[in-house]
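> Before anything else, here's the structure in question.
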Amino acid sequence: MIVLDTNIALDLLLFADPASQPLRQLLASRQKQWVATMPMRDELARVLDYPLLAARLLKQQQTASQLLALWDAQVQLQPVATKAPYTCKDADDQKFIDLAVAYRAPLLSKDRAVLSMAKRLLTLGVVVASGWGAIA
């Protein structure tokens, strides 16, 4: 299992970041299973309305609904996890931490608030990284 924050999901689904290719392969081969919750999907839907992202979708002739359908097809939905023992400075990121801790799953994030918690979360069995190599 693996937890991906919204920025990593965007790299994977919208930006087709070449650096995300190994992660894409891990997910496609089912070597890793992407777990998420409905609040994570709701956050993705919300950010897709940001002008920069909406313009990117338009440029790619894609709609937010289509991108969310890609998300839906790749994610295994889980119930919202209980609060983890550690609290993130950014409340919007807590849901990713909680789920990663609940499943002892690696958490990929580009968020500084999340990355700054890596040592503490490691004590709970959760690897936090900004790149796929740490979880391969």
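> How about the stretch 39-49: which of its residues are loosely packed, with under 13 Cβ neighbours inside 10 Å and either among the hydrophobic types (A, V, I, L, M, F, W, C) or more than 25 Å from Ile2 (Cβ to Cβ) (or both)?
Asp49
> Would you pick out the residues in the stretch 113-127 that are farther than 14 Å from Ala84 by Cα and assigned to a helix (DSSP H, G or I)?
Ala113, Leu115, Lys119
> Pick from Asp92, Asp98: which is closer than 13 Å to Thr6 by Cβ, among the charged types (D, E, K, R) and part of a helix (DSSP H, G or I)?
Result of the check over Asp92, Asp98: Asp92.
> Among the listed residues Ala54, Ala113, identify the single one that is within 15 Å of the chain's Cα centre (by Cα) and aliphatic (A, V, I, L, M).
Ala113
Okay, residues lined up against (1) touching a residue at least 24 places away in the same chain (Cβ under 8 Å); (2) under 14 Å from Met1 (Cβ atoms); (3) of a type in the set (D, E, K, R); (4) surrounded by 13 or more Cβ atoms within 10 Å (Cβ to Cβ):
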site	(1), (2), (3), (4)
Leu58	no, no, no, no
Ala64	no, no, no, yes
Ala73	no, no, no, no
Thr82	no, no, no, no
Lys110	yes, no, yes, yes
Met117	yes, no, no, yes
Leu122	no, no, no, no
Val126	yes, yes, no, yes
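> Let me ask something additional. Take the stretch 101-112 and flag every residue that is under 24 Å from Gln31 (Cβ atoms), assigned to a loop (DSSP other than H, G, I, E, B) and of a type outside the set (A, V, I, L, M, F, W, C).
Selection gives Arg104, Pro106, Ser109, Lys110.
> Let me ask something additional. Can you spot a residue in the stretch 16-30 that is at pLDDT below 95, of a type in the set (Gly, Ala, Ser) and surrounded by 18 or more Cβ atoms within 10 Å (Cβ to Cβ)?
Yes, because at least one residue in the stretch 16-30 is at pLDDT below 95, of a type in the set (Gly, Ala, Ser) and surrounded by 18 or more Cβ atoms within 10 Å (Cβ to Cβ).
> Considering only the stretch 63-96, state which residues are aliphatic (A, V, I, L, M) and either over 24 Å from Asp49 (Cα atoms) or touching a Pro at 6+ places or on another chain (Cβ under 7 Å) (or both).
In the first step, residues of the stretch 63-96 are kept if they are aliphatic (A, V, I, L, M); the result is 64, 67-70, 73, 75, 77, 80-81, 84, 91.
Those that are aliphatic (A, V, I, L, M) and either over 24 Å from Asp49 (Cα atoms) or touching a Pro at 6+ places or on another chain (Cβ under 7 Å) (or both): Val80, Ala81, Ala84.
The values are calculated or read from the model by the stated rules, or taken from the named source; none is laboratory data. Everything numeric in this text was worked out from a predicted model, so none of it was measured. Positions of Cβ are backbone-derived with ideal geometry, glycine not excepted, and every protein chain shown enters the neighbour counts.
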